[in-house]
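The values are calculated or read from the model by the stated rules, or taken from the named source; none is laboratory data. Nothing here was measured: the structure is a model prediction, and the numbers come from that model. Cβ: placed from backbone, ideal geometry, glycine included. Neighbour counts: every protein chain shown. In case anyone asks, the SASA skips ligands and DNA or RNA and just uses the protein heavy atoms, side chains included. Shrake-Rupley method; radii C 1.70, N 1.55, O 1.52, S 1.80 Å.
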Amino acid sequence: MMPMAGTVYLVGAGPGDPGLLTRRGARLLRTADVILYDRLVSRALLALARPEADRIPVGKRPGGMGITQADIHERLISAARRGQVVVRLKGGDPFVFGRGSEEREACLRAGVPCVVVPGVTSAIAGPGAMGIPVTARGVARSFVVLTGHNADDGGGRADGEEECDGDWGRPDTVVVLMGRQSLPAVTARLKKLGYGPDTGAALVDRATMRSQRGVRASLGTIAAAADRAGIETPAVLVVGDVVEQSVTGPLLPLAGARVMVTRPHHASTVLAEHLRARGAEVIVGPAIGITYMEPDVGALPPVSWDWVVFTSRHAVRGWWRWLARHNLDARVVAGSRVAAVGPSTAGELRRIGLRADLIPTEFRAAALVKTLAPHLDRGSQVLHPCGTRARAEVREGLQHAAEVHDLVVYATCDRAPGPSLRRRVAQGVDYLLLHSPSAAQVMVTHRLVPPEAVIACIGPTTAAAAQSLGLSPLIVAEEHTDRGLVAALERHAGGDRS
């Protein structure tokens, strides 16, 4: 469903981890004309927006002066009346202490359509990130979500969060948002409600993020424990017997690691999810861009091909797009055999209905040439769909045994890093992933290689290129695939430095 111009979308950004944004929220960000975002929203989410979209920060700091709620209402309404698609990106869920109801009411009173896109609230995700359930069979059948702001009749509110001075009640589990600043007053109030000082308590700071920190104690000691642990705001407090029921498991293999992926965004989705699932924070900083192009077929001889050789997924996609533009399909290579450089390329072929007849055991061009050569003779005709920066390795490696014809179906171009990416990199990177010699070249040319980062390469070809540029790769994947690269990162992070 396409977003409508002149509409405001209240989108929940989730608790912090950009992977917890809903799919609908991501689609809206990619099509928005204007994005008004809170202070704590992940910059990775803003990177989803179109380059020409207006990104407007409207967050407030605790106790600080800044944009008012009325100003936010006016900006939302004005942008929508200009016929723009407006996304109001709010931390957590828009309707959980986020003043989303006020913003929706203001829009509707002004005659502006307003749609709510729920998000994952930190009230549940915060405890969950520490392995604490808010309900547990036989332990807790109810929970309440409160805000710690003004628990002691003092303290400012941030990012438009609501205050709550109502009846806190006495449920099995209490979750308190924004409670760090007034933690002593919050714990005192809970004690008055009948929660004993020995009741289990936990506090988590920046839940679901790389920088997440948590502390467990009792209600009577949690404030002091938080001070010792350096827990900062924003933080989520959870109180109740469920804290004692949680089991602390082993850390994820890449917990706390900040990993930079240099592939284009569309080619990084699966890899980024694998890394996040292992606890890493992922920065996608594309070093290169891919543009599919119309190949020059006039130079190709009118022959049938004995072999069609693909050395990348982009070659498969570009070749298939070219066929589709001319109302052709895979029947043009009927009778040909197909070679793929590795399982990723072979998988791309399967998606268009072709099966690779040959895949080398080592997933790089040199191994493909070595494996394919015995299947050729002097009269063999080989078609090689490739990119503008295709290495001559295939053509030169096979020309003694066959006639090889390159078909350039895509262009590889450098992508200069923007200021937002430079700021994120300046905050620190633990691992820099390089997937091609071109990516290594761009990173060096634009001086974007973090000095503290461990260089990880998908294979020896990329590693050799990185070394020639003065880099020192410490990790080279044994299996030259994303899976192999992630496995190599895990071994390194686990202490295997061999």
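Taking interchain pairs and intrachain pairs at least six residues apart, which have beta carbon atoms under 8 angstrom, with the first residue in the range 79-97 and acidic (D, E) and the second outside any loop (DSSP other than H, G, I, E, B)?
Every condition considered, the pairs that remain are D93/G12; D93/G100.
Looking at the range 275-319, which of its residues are closer than 16 Å to H435 by Cα and assigned to a loop (DSSP other than H, G, I, E, B)?
Keep residues of the range 275-319 that are closer than 16 Å to H435 by Cα, which gives 275, 282-290, 311-315.
Within the range 275-319, G285, P286, A287, T311, S312 qualify.
Just give me the residues in the range 173-192 being open to solvent by 60 Å² or more (accessible area, probe 1.4 Å) and either part of a loop (DSSP other than H, G, I, E, B) or closer than 15 Å to G131 by Cβ (or both), in sequence order.
Within the range 173-192, the subset open to solvent by 60 Å² or more (accessible area, probe 1.4 Å) is 181, 184, 189, 191-192.
Hit for the range 173-192 is Q181, nothing else.
For the range 331-359, name all the residues that are assigned to a helix (DSSP H, G or I) and within 31 Å of the chain's Cα centre (by Cα). Can you show your working first?
Filtering the range 331-359 for residues assigned to a helix (DSSP H, G or I) gives 331-333, 343-351.
Hits for the range 331-359 are P343, S344, T345, A346, G347, E348, L349, R350, R351.
Based on this model, can you work out whether E103 counts as assigned to a helix (DSSP H, G or I), in contact with a helix residue (DSSP H, G or I) (Cβ under 7 Å, 6 or more places away or on another chain) and not hydroxyl-bearing (S, T, Y)? Reasoning before the result, please.
On the way: assigned to a helix (DSSP H, G or I): yes; in contact with a helix residue (DSSP H, G or I) (Cβ under 7 Å, 6 or more places away or on another chain): yes; not hydroxyl-bearing (S, T, Y): yes.
Spelling it out, E103 is indeed assigned to a helix (DSSP H, G or I), in contact with a helix residue (DSSP H, G or I) (Cβ under 7 Å, 6 or more places away or on another chain) and not hydroxyl-bearing (S, T, Y).
One residue is enough: does the range 59-79 have a residue meeting the conditions of a type outside the set (D, E), under 28 Å from I283 (Cβ atoms) and in a strand (DSSP E or B)?
Checking the range 59-79: not a single residue is of a type outside the set (D, E), under 28 Å from I283 (Cβ atoms) and in a strand (DSSP E or B).
So, in the range 7-58, exactly how many residues are over 17 Å from T121 (Cβ atoms), assigned to a loop (DSSP other than H, G, I, E, B) and open to solvent by less than 30 Å² (accessible area, probe 1.4 Å)?
The number of residues fulfilling the criteria is 4.
Hey, could you check the range 373-397 for residues that are closer than 25 Å to Y292 by Cβ and hydrophobic (A, V, I, L, M, F, W, C) and say which is modelled with the lowest pLDDT?
A390
Of all residues being polar (S, T, N, Q) and in a helix (DSSP H, G or I) in the range 387-441, which is least open to solvent (accessible area, probe 1.4 Å)? Just the residue, please.
If we filter the range 387-441 for residues that are polar (S, T, N, Q), which is where we start, we get 388, 399, 412, 420, 427, 436, 438, 441.
Remaining after also requiring in a helix (DSSP H, G or I): 420, 438, 441.
On the way: S420: 54, S438: 27, Q441: 84 Å².
Of everything passing the filter in the range 387-441, S438 is least open to solvent (accessible area, probe 1.4 Å).
Let's see how each residue does on (1) in contact with a Ser or Thr (Cβ under 8 Å, 6 or more places away or on another chain); (2) at pLDDT below 80:
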site: H266; (1), (2): no, yes
site: L271; (1), (2): no, no
site: R276; (1), (2): no, no
site: I283; (1), (2): no, no
site: P286; (1), (2): yes, no
site: A299; (1), (2): no, yes
site: W305; (1), (2): yes, no
site: F310; (1), (2): yes, no
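Restricting to the range 217-236, name every residue that is in a strand (DSSP E or B) and either of a type in the set (A, V, I, L, M, F, W, C) or closer than 8 Å to L203 by Cβ (or both). Walk me through how you get there before you give the answer.
At the first step, the residues of the range 217-236 found to be in a strand (DSSP E or B) are 217-218, 235-236.
Once the filter is applied, which keeps residues that are in a strand (DSSP E or B) and either of a type in the set (A, V, I, L, M, F, W, C) or closer than 8 Å to L203 by Cβ (or both), the range 217-236 yields A217, A235, V236.
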